Amino acid sequence: MDTRPRTPHGTGDPVPVLTVRPLDGCHGVRAAGEIVLATHPVWERVLEQAVREGGGVYHLELSGVTFADVAGAGALAAAAERLGDGRWFVVRRPPPTLRRVLEMFWPDLPTIEVSMS
């Protein structure tokens, strides 16, 4: 039985969710769920906090993210462009959609490293 919240309009479609929690042992967060229009505010807050926090490497563990739309990838790229010198994101185990969009639109962005391990 699906016990996720339903839309207020009674369509029965589950409401997309994105949960984020700090990573143990390194600077960054673990995210799970979907990066879509309904969850963009959460995603954008995470990225803005990462830009403000400082430090060299900021890890985004995304193995629990099932889908990321183009706007979510664009928010990641925009945040990466705002990182200062010597800083970058390590995006660990992103969903295939995010990996493909980054490769297609931002293939040479030096402040994003995609890791499949």
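Each value in this text was obtained by applying a stated rule to the coordinates, not by laboratory testing. Since the structure is predicted, the reported quantities are computational estimates derived from the model, not experimental observations. In this analysis, Cβ positions are derived from the backbone assuming ideal geometry, glycine residues included, and neighbour counts consider all displayed protein chains.
Shown here for segment 42-117: GluC sites (Glu not before Pro) in loop regions (DSSP other than H, G, I, E, B) with at most 10 other Cβ atoms within 10 Å, of which there are none. Residues in segment 58-66 carry Karplus couplings, in order, of 10, 8, 10, 7, 10, 4, x, 8, 8 Hz; the curve used is 6.51 cos²θ - 1.76 cosθ + 1.60 with θ = phi - 60°, and Gly or Pro positions show x. FRET efficiency for the pair LEU23 and ALA78, taken as 1/(1 + (r/R0)^6) with r the Cβ-Cβ distance and R0 = 30 Å, rounds to 0.85. Eigenvalues of the alpha-carbon gyration tensor of the chain, scaled by 5 and square-rooted, set the equivalent ellipsoid semi-axes at 26, 15, 13 angstrom, largest first.
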